[in-house]
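A short worksheet on the structure shown next.
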Amino acid sequence: MRSKAPRSAPQAPLVGYVDVFGHSSGAGGWLFSGWVSRPPTLEASAPVEFAAHYEKEVCRGRATLVFYQRKDVDQNSIGLVAYMAGSSGSADSLKSIAFSLDGVSYRAETGHFTARLPDQDIVDRVRSTLATQAVGHQDRERLLALTARAVFTGQDTLASLSDTVLLEVDEAILCPPDGVLLKGWLQCAPGALRRIRVRSGPLSGELNLVDALRVDRPDVVAAVAPHYGFTDIRCGFIGFVPAAASAREAVYLEVELQNGEVGFKGLQPSKRTGVEAIKRILERVEVGPDEIDAAFDKTLGPAVGAIHHAQRQIPVSVRELAFGEVPASPRASIIVPLYGRIDFVEYQMALFSRGWDAGRNEILYVLDDPAKRRELEILARSLYGRFRIPFRLLLLDANVGFAAANNLGLRAARGEVVCFLNSDVFPITDRWLERLVTGLDRNPDLGVIGARLLFEDGSVQHEGCHYRTLSEFGDWTFVEHRNKGLRPDASVDIRRHEAITGACMVMRRSLAAELGGFDEAFIVGDFEDSDLCLKVRARGLACAVDLAVHLHHLERQSQHSPGDAWRMNLTLYNAWIHQRRWFPAVPRERR
């Protein structure tokens, strides 16, 4: 960790001297050797807070200290070797090092004869000191082990190991800030390996193949079996290693045999980021019911979550266009995210125009598809010219997803009530929005209300949700629509349900804002609505459907997404978040 100012010390520091220092790539950090005033305790019980003061910055961390006897200093002083993990970077001139031990601050300064040594030279100097003069056993052995590690020089050395290790990484995907997901395969004799580590500068983490998702690779067996005799068809793996890879340092594998031999294999991290990286992680992955928990808890979930979180930190530019005189204080705001198909806007606006109260309501379309910007602007001008309904466009410069697009609309909305509406939902009932808002007003126990949604053939698509556990997905809880596919009955009451769909969701803007809108941890458009409904219920409010209000819903046609395997696995990722967050709170029916 870097800062510009030193922390305050417990008391005036006792001053020593730094003879030599340098960075060891093998140890993954900085080594300092010199002398300080003799502390009462010569073996620290744990790494101590440490600071290296340079000309322009201060590098802080925790350091391992080993004291050693020196004949060239007085009896009130003692030699010191300090190790602090860190990147080699481009540190400027060292001024001093400082640490605190048992409430006393110590400092060692540099001088005219202080030398910064190259990698191997500082290692040789420190190892010689530790081997012959060090006081204290535990930390001495730790530093000897750190400095004894072979150094990765950029060359793959697995072929030099005494046991045959065939290891290939098809793709290494960085998962910010410092994780990495590896997709590859391994063939070697049973029991030959002690461990595989991912290393990058000062970072390191073990690739635990027991926790990794295993994959059948008949192609590998066909290629290697004739030459090496390896026949393990489940030799493929997808593994996530946190806190092990830096985008600024070389990333490599350190393979250690049971006999202590070490070999290296360099990695070339993929340039994929964001959605493309997530697609690559989830494509061609099949997870069975008995492995779904481990697959998402230990591998797929942390990797996808890290990439998605990093993507969400990128600022999004929003450009607003207004068509017509939009009311300054509308009663209700309709928020419609657009992605893929924008032609639905024309049909929606045509249906909105029947009895539309332009003075009481506003419409916000949020374009979450930058490539469609020019096309939508042209269409919007045409629509306003034909229907004369005022509306606003929010044009995003990046695709942010269903939840974030709705939340941007929520922040821009002016109405007392907001209606989250999909672009493939079309009104059937006259004054549909007014009826839903009235239902919300007349039922103070309601937090959110929706409409009965119908397919094009008039059958039910949605009239409330309930929850079931599905054995084919590891007994996870999924959302199901009541009466889906059946003919609607004659009911016209307001009916409470465990949850309703986000395709049409009306709620007070103050409550929506208080709950944070849709949770952006979910990706694309699954489970955000259930999550929001459960948050509403956690506030003691109910969710309901007004069965007298009918709208058509084409269901997912607005997303225009191919139904491939990665998309199903993305649904499972969202289900995993939902499961881990709400499982204890959801009443479930078993199927």
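The values are calculated or read from the model by the stated rules, or taken from the named source; none is laboratory data. What you are looking at is a predicted structure, and each value in this text was computed from that prediction instead of being measured. Cβ atoms come from the backbone with ideal geometry, glycine included; neighbour counts cover every protein chain shown. These area figures cover heavy atoms from the full protein model, side chains too; ligands, DNA and RNA do not enter into them. Shrake-Rupley method; radii C 1.70, N 1.55, O 1.52, S 1.80 Å.
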_the chain, dipole about Cα centre (Lys/Arg Cβ +1, Asp/Glu Cβ -1), debye to the nearest 20_ = 1180
*FRET efficiency, 1/(1 + (r/R0)^6) with R0 56 Å, evaluated for Thr164 and Ser459 via beta carbons*: 0.35
*For Val524, list long-range residues whose amide hydrogen, built 1.01 Å from N in the peptide plane, is under 5 Å from its own amide hydrogen.*
Phe402, Ala403
_Three-way shape call for segment 435-569 based on the alpha-carbon gyration tensor, with the a/c threshold at 1.5_ = oblate
_Theoretical FRET efficiency, 1/(1+(r/R0)^6), r = Cβ-Cβ of Glu206 and His466, R0 41 Å, to 0.05_ = 0.45
*Go through [x] 3, 9, 10, 12, 14, 15, 16, 13, 7, 3, 1, 0, 0; [y] 3, 14, 19, 17, 15, 14, 11, 6, 1, 0; [z] 3, 17, 29, 29, 17, 5, 0 and flag the label whose value is the computed P(r) over Cα pairs in 10 Å bins from 0, in percent for this structure.*
[y]
*Tell me which lysines have Cα within less than 17 Å of Lys56's Cα, excluding those fewer than 8 residues away on the same chain?*
Lys4, Lys95
*For the chain, accessible area per residue (1.4 Å probe, heavy atoms of protein chains only), Å²*: 44
*With every protein chain present, what accessible area does Ser459 have (1.4 Å probe, heavy atoms only), rounded to the nearest 10 Å²?*
10
_Quick query: amide H of Ile334 versus all other amide H atoms, modeled in the peptide plane; which residues come in under 5 Å with a sequence gap of 5 or more or a different chain?_
Glu362, Ile363, Leu364, Cys419
*Taking the chain as the reference, fit the longest principal axis to its C-alpha atoms, fit the long axis of helix 138-148 to the helix C-alpha atoms, and give the angle between the two in degrees, 0 to 90, nearest 10.*
80
*Calculate the spin-label point distance for Ala150 paired with Lys279, positioning each point 7 Å from the Cα along the beta-carbon direction, and give it in nanometres.*
4.0
*asked:* Need one word for segment 226-303: rounded, prolate or oblate. Basis is the Cα gyration tensor (sqrt eigenvalues a ≥ b ≥ c); a/c below 1.5 gives rounded, then a/b vs b/c decides.
replied: oblate
*Decide, for segment 170-304, between rounded, prolate and oblate: order the square roots of the alpha carbon gyration tensor eigenvalues as a ≥ b ≥ c, take rounded if a/c falls under 1.5, and otherwise choose prolate if a/b is larger than b/c, else oblate.*
oblate
*Which ³J(HN,Hα) values, rounded to whole Hz and listed in residue order, are derived for segment 105-111 from phi using the Karplus coefficients 6.51, -1.76 and 1.60 in 6.51 cos²θ - 1.76 cosθ + 1.60 with θ = phi - 60°, glycine and proline given as x?*
8, 10, 9, 10, 9, 8, x
*Specify the angular offset, from 0 to 90 degrees and rounded to the nearest 10, of the alpha carbon long axis of helix 402-412 from the longest principal axis of the alpha carbons in the chain.*
70
*Let me have the 222 nm mean residue ellipticity of the chain computed from DSSP H runs of 4+ only, each contributing -39500 (n - 2.57), with the sum over all residues rounded to the nearest 500.*
-7000 deg cm²/dmol
*Which of the peptides 183-192, 364-373 is most tightly packed, and how do the rest follow, going by the mean number of other Cβ atoms within 10 Å of each residue?*
364-373, 183-192
_Normalised radius of gyration for segment 60-105, please: alpha carbon Rg relative to 2.2 N^0.38 Å, two decimal places._
1.39
*³J(HN,Hα) across segment 413-419 via Karplus (A = 6.51, B = -1.76, C = 1.60, θ = phi - 60°), whole Hz, x for Gly/Pro?*
5, 10, x, 5, 10, 10, 10
*Cα axis of helix 301-312 to longest principal axis of the chain: angle in degrees, 0 to 90, nearest 10?*
70
*Amide H to amide H, which residues 5 or more places from Gly29 or on other chains are under 5 Å from it, using H placed in the peptide plane?*
Ser24, Gly86
*Note, ³J(HN,Hα) from phi for segment 528-542, Karplus 6.51, -1.76, 1.60, rounded to Hz, x at Gly and Pro*: 4, 5, 4, 4, 5, 5, 5, 5, 4, 5, 5, 8, x, 9, 9
*Pop out the carbon and sulfur fraction of the accessible area of the chain as a percent, whole number, probe 1.4 Å.*
50
*Please list, or write none, the lysines whose alpha carbon is within less than 25 Å of the alpha carbon of Lys271, excluding same-chain residues fewer than 8 places away.*
Lys183, Lys279, Lys298
